[in-house]
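Participant: Structure below; questions to follow.
The values are calculated or read from the model by the stated rules, or taken from the named source; none is laboratory data. Being a predicted model, the structure only gives us computed values, none of them experimental. A quick note on method: Cβ atoms are made from the backbone with ideal geometry, for glycine too, and the neighbour counts reach across all protein chains shown. Protein only, heavy atoms only, side chains kept; ligands, DNA and RNA dropped before computing areas. Shrake-Rupley method; radii C 1.70, N 1.55, O 1.52, S 1.80 Å.
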Amino acid sequence: MAKLYFRYSAMNAGKSTALLQVAHNYEEQGQSVCLYTAAIDNRYGEGKITSRLGPQRDAATFDADFDFFASAPAVNCILVDEAQFLSSEQVKQLHKLAHVRGIPVICYGLRSDFLGEPFLGSGYLMTLADTIEELKNICACGKKATMNIRVDEQGKRITAGEQIDIGGNERYQHVCGRCFYR
């Protein structure tokens, strides 16, 4: 039976690397995959899933109007990067794909933003995913990193602003709960 999976973590824990490895494993067995990433995240170019370690793959993009159920090709697995940017309806479409068409769907994303607020897509994935897995990362203090903070050009923490501000290591840091509240 196919399932909807949500694999989440704080930033910089290897979510995109893990997704690319899963795609490779399927293809090495002669099976087909379809990769998606959020159109809003164009840090490495539009439609690119890129690991900070270097590997990169082309992917289809989704925006707020994209319909996964209507658009899904006949493949052995669907992989979604930056899943926190999914809408509630898109999470429902992916859940339906797994259960009606029998296509495993594996989503990778952040659980919460820099203020500790849930992303809409992540909240719905936490609710509908059949399997939820945490990818681990560590804080600079040595504890498990579960949160993200946004920093300015001087490295000072930002505590207000829009939920979505695309950036990488220069804009965000992964921290444990204790360091999040400092």
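Participant: Considering segment 1-22 alone, what residues qualify as being surrounded by fewer than 20 Cβ atoms within 10 Å (Cβ to Cβ) and in a helix (DSSP H, G or I)? Spell out the reasoning first.
Facilitator: Quick first cut of segment 1-22, residues surrounded by fewer than 20 Cβ atoms within 10 Å (Cβ to Cβ) only: 1-3, 12, 14, 17-18, 21-22.
Across segment 1-22, the qualifying residues are Thr17, Ala18, Gln21, Val22.
Participant: Still on this structure: State which residue pairs qualify: first residue within 13 Å of Tyr36 (Cα to Cα) and aromatic (Phe, Trp, Tyr) and inside segment 67-93, second residue open to solvent by 30 Å² or more (accessible area, probe 1.4 Å) and part of a loop (DSSP other than H, G, I, E, B) in any location, beta carbons under 7 Å apart, and separation of 6 or more residues or different chains.
Facilitator: Listed by first residue and then by second, the contacts come to Phe85/Ile40.
Participant: Here is a further query. Identify, by number, the condition in (1) modelled with pLDDT under 95; (2) among the aliphatic types (A, V, I, L, M); (3) surrounded by 15 or more Cβ atoms within 10 Å (Cβ to Cβ); (4) in a loop (DSSP other than H, G, I, E, B) that Ile49 doesn't meet.
Facilitator: Looking at each condition in turn, Ile49 falls short on (4).
Participant: When you scan segment 129-182, how many residues do you find that are loosely packed, with under 12 Cβ neighbours inside 10 Å and of a type in the set (A, V, I, L, M, F, W, C)?
Facilitator: 3
Participant: Identify all residues within segment 129-182 that are polar (S, T, N, Q), part of a loop (DSSP other than H, G, I, E, B) and within 30 Å of Ala98 (Cβ to Cβ); write none if there are none.
Facilitator: The first filter runs over segment 129-182 and keeps only residues polar (S, T, N, Q), leaving 131, 137, 146, 148, 154, 159, 163, 169, 173.
Those left that are additionally part of a loop (DSSP other than H, G, I, E, B): 137, 146, 154, 159, 163, 169.
Passing the criteria: Asn137, Thr146, Gln163.
Participant: Conditions first: (1) farther than 27 Å from Asn148 by Cβ; (2) out of contact with any Asp or Glu (no Cβ under 7 Å at 6 or more places or on another chain). Cys107 passes all but one, so which condition is the exception?
Facilitator: Exception for Cys107: condition (1).
Participant: Right, next: Going residue by residue through segment 87-99, is there one that turns out to be part of a loop (DSSP other than H, G, I, E, B), surrounded by 16 or more Cβ atoms within 10 Å (Cβ to Cβ), of a type outside the set (A, V, I, L, M) and touching a strand residue (DSSP E or B) at 6+ places or on another chain (Cβ under 8 Å)? If you could, list the steps in order and put the result at the bottom.
Facilitator: Restricting attention to segment 87-99, the residues satisfying the condition of being part of a loop (DSSP other than H, G, I, E, B) are 87.
Add one more test, that the residue is surrounded by 16 or more Cβ atoms within 10 Å (Cβ to Cβ), and what stays is 87.
Within this subset, residues satisfying the condition of being of a type outside the set (A, V, I, L, M) are 87.
So of that shortlist, the ones also touching a strand residue (DSSP E or B) at 6+ places or on another chain (Cβ under 8 Å) come out as none.
No - not one qualifying residue is present in segment 87-99.
Participant: A further question follows. Looking at segment 100-128, which of its residues are open to solvent by 50 Å² or more (accessible area, probe 1.4 Å) and either in contact with a His (Cβ under 6 Å, 6 or more places away or on another chain) or assigned to a helix (DSSP H, G or I) (or both)? Before you say what the answer is, go through the steps one by one.
Facilitator: Looking only at segment 100-128, we keep the residues that are open to solvent by 50 Å² or more (accessible area, probe 1.4 Å), and these are 100-101, 111, 115, 117-118, 120, 124, 126-127.
Across segment 100-128, the qualifying residues are Val100, Arg101, Leu120, Tyr124, Met126, Thr127.
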